[in-house]
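Below is one structure, written out as structure tokens; the observations come after it.
The values are calculated or read from the model by the stated rules, or taken from the named source; none is laboratory data. Source: prediction; values computed, not measured. Glycine also receives a Cβ, built like all others from the backbone with ideal geometry; neighbour counts cover every protein chain displayed.
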Amino acid sequence: MNTAPDTATRWERAREWIGQGVAVVDTPSLVIDLDAMDRNLARMAAFATERGLRLRPHAKMHKSAELARLQVAHGAVGVCVQKTDEALALAHAGAHDILITNEVIAPHKLRRLAQAVRDLPTRFGLVVDSALGVARLADALAEAGVRGEHRIDVYIEIDVGHGRCGVAPGEASVVLAHSILANPVLHFAGLQAYHGAAQHRRLPAERAQAIGEAAWTAALARERLQAGGFSVPLITGAGTGTFVLEASSRVWGELQAGSYLFMDADYAQNEPAPQAPVFEHALFVKSQV
Ligand SMILES: Cc1ncc(COP(=O)(O)O)c(C=O)c1O
């Protein structure tokens, strides 16, 4: 006998709870406070618009096509994801512009991405920090039969202090830019400069120091590339802990903050920077003991 719960029925039951008080929600459930989420959505959208910056929220936080659509409806240029499969799931659900903010190096993952570039109308982007990464991406696209100009946006990741991924400004990024431009299917879209380690530093001064250094490094990387004859269309990065700093730096043109939509408990421990928009907790677990 099949004892698996009827997920369609559970989903329909959950849909009926939307808009009703939390008292009707069964346990255990993940509960979104839609009013709080809408305010977070609007505050970040207004912040980016007022400063003339592109907003590309990180969707790894929600992994939801519906929420990605909502963010785009509020002015986001697209979304970020962390993994190939997140990108493919959102693309199949209709997301029109997706940047994978991690280096993808495994040939089988690049093959799946290349097939999506070939078959779907979505605009994809990927970050690289090695010649191997560029070569494998180019091979996967060729194997999938992807042709034409500028079929995927490629960003060079600069290590701006996180020590996780990325190259140093200077020779390494110039060499990578050469290899990207050598392949017409690849579009050199700019730099990714994300300082993850700065996001949860508690004091505004600590975060300001880290992002000040990151800004200096990212600007230097851009300068070196420009001196080598490359145009650098965009620098993308920033998270919920520091985006106010990147926004005022005149270095970044696109903000990738994601957690602001639900606002996690740890971020609430950060002492807020002056003039930072206030975000409210919007995601809860309802449970019963
Ligand atoms: C590259 C990149 N950009 C942006 C973000 C978004 O940060 P947050 O969810 O803290 O706003 C992350 C989070 O890890 C990230 O790795």
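Points worth noting:
- Restricting region 238-253 to residues that are over 17 Å from Val278 (Cβ atoms), buried (at least 24 other Cβ atoms within 10 Å of the Cβ) and not aromatic (Phe, Trp, Tyr), the residue that is nearest to the ligand (Cβ to nearest atom): Ala238
- Residues in region 96-123 that are buried (at least 16 other Cβ atoms within 10 Å of the Cβ) and in a loop (DSSP other than H, G, I, E, B): His96, Val104, Leu120, Thr122.
- Qualifying positions in region 160-218 - of a type in the set (S, T, N, Q) and farther than 20 Å from Pro274 by Cα: Ser173, Ser179, Asn183, Gln192, Thr217
- A search for C-beta distances below 7 Å between a residue of region 225-249 that is part of a helix (DSSP H, G or I) and any residue that is at pLDDT 95 or above and within 10 Å of the ligand (Cβ to nearest atom), counting only pairs 6+ apart in sequence or on different chains, returns Phe243/Leu255; Phe243/Ala257; Glu246/Gly237; Glu246/Ala238; Glu246/Leu255; Ala247/Leu255.
- Verdict on Ala257 being surrounded by 21 or more Cβ atoms within 10 Å (Cβ to Cβ) and more than 10 Å from the ligand (Cβ to nearest atom): no
- Residues being surrounded by fewer than 16 Cβ atoms within 10 Å (Cβ to Cβ) and not small (Gly, Ala, Ser) - total across region 44-53: 3
- Ala106, sole failed condition from (1) closer than 26 Å to Val146 by Cα; (2) in contact (Cβ under 8 Å) with a residue 24 or more places away in the chain: (2)
- Taken over region 54-76, the criterion of being touching a Phe, Trp or Tyr at 6+ places or on another chain (Cβ under 8 Å) and either surrounded by fewer than 17 Cβ atoms within 10 Å (Cβ to Cβ) or assigned to a helix (DSSP H, G or I) (or both) is satisfied by Met61 alone.
Quick grid of which residues meet (1) within 16 Å of the ligand (Cβ to nearest atom); (2) closer than 15 Å to Gly125 by Cα; (3) in contact (Cβ under 8 Å) with a residue 12 or more places away in the chain:
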residue	(1), (2), (3)
Ala23	no, no, no
Asp38	no, no, no
Leu41	yes, no, yes
Ala45	yes, no, yes
Glu50	no, no, no
Arg69	no, no, yes
Val72	no, no, yes
Val79	yes, yes, yes
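- Sole residue being away from the ligand (no atom under 14 Å from the Cβ) and not in a helix (DSSP H, G or I), chosen from Ala189, Ala205, Ala177: Ala189
- If only residues of region 182-221 that are of a type in the set (D, E, K, R) and over 10 Å from Val160 (Cα atoms) are counted, the one that is surrounded by the fewest Cβ atoms within 10 Å (Cβ to Cβ) is Arg202.
- Matching residues, region 260-283, being of a type in the set (D, E, K, R) and either touching an Asp or Glu at 6+ places or on another chain (Cβ under 6 Å) or more than 10 Å from the ligand (Cβ to nearest atom) (or both): Glu271, Glu280
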